[in-house]
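The next block holds one structure in the form of structure tokens; read it before the comments.
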Amino acid sequence: MSEKWLKEHENLEKLLQKANQSLSERAKYPKSSSNYNKISNQIKNQLGKIEIIINGLERDLDENNGSKLTYLEKNRRTNMLNKLRTSLKQIDQGLKGDGPSQKDSLLVDFEAFNSQPIETEETLNLNSEQLTVQHEKIIQSQDRGLETLSHVVQNQKRIATTIGSEVDRQNDLIDSMGDKMDNLNERLIKETRNTRVIMHKSGTCGNFMRNYIKF
């Protein structure tokens, strides 16, 4: 049963690839053409059959194979089905025109379906319950790591806020100094002008006294 399940999954991958190729082929024709409509109907029928087979594999996994598979293997096959459904949805959206229309956006990484979980010495001899406990411990460890990261981010945010406030304060001081320099410059110009006036008057008065003494 296990080999049959994997074989049917492999056939599904090929059907999805074929449907994806048909969708690319359809893009070569105008929407109003008979070829466009013909290919659309073919893809629609293919997707319907694929969905039925995926549902069957899912039932087999839950009802028959689930008790005979390890936790990791059952989880792997569940992920394989989820990826098939994602690919099916992408092609269906492309068929209806609801999803991205670019050809590249319809490409599916089918090689990812065959990814194998890596057994380690820690998990090799564990049963399903032990794997579940270990999985929960890993999740808890990840949660603690995320909490620590959250504290670090908050601390960095406070530091950034403090730096921002200090920069604003320094900018205000610079603006204030600029205003004072402007005022000082205006006063310097005014005092220079007054000094010139006084010097001019002093020179006129000295000439008058010299002329008065001569007479």
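Remarks
- Where labels lie 7 Å past Cα in the beta-carbon direction, separation of residue 21 and residue 169 in nm: 7.0
- Partners of residue 190 within straight-line reach, counting lysines whose Cα lies under 27 Å from its Cα and excluding those fewer than 8 residues away in the same chain: 180, 201.
- Calculated FRET value between residue 41 and residue 143, using beta carbons and R₀ = 41 Å, to 0.05: 0.25
- For residue 63, the solvent-accessible surface computed with a 1.4 Å probe is close to 130 Å², ligands and nucleic acids excluded.
- Overall, the stretch 1-88 carries a charge dipole of about 420 debye about its Cα centre when +1 sits on the Cβ of Lys and Arg and -1 on the Cβ of Asp and Glu, all other atoms neutral.
- Extension gain, residue 191 back to residue 156 (0.36 nm per residue minus Cα-Cα distance, nm): 7.4 nm
- The protection proxy used here, the mean number of other Cβ atoms lying within 10 Å of each residue, ranks peptides 144-157, 8-21 as follows, highest first: 8-21, 144-157.
The values are calculated or read from the model by the stated rules, or taken from the named source; none is laboratory data. Since the structure is predicted, the reported quantities are computational estimates derived from the model, not experimental observations. Note that each Cβ is placed from the backbone with ideal geometry, even for glycine, and that neighbours are counted across all protein chains shown. Side chains included, ligands, DNA and RNA excluded: accessible areas come from the protein's heavy atoms. Shrake-Rupley method; radii C 1.70, N 1.55, O 1.52, S 1.80 Å.
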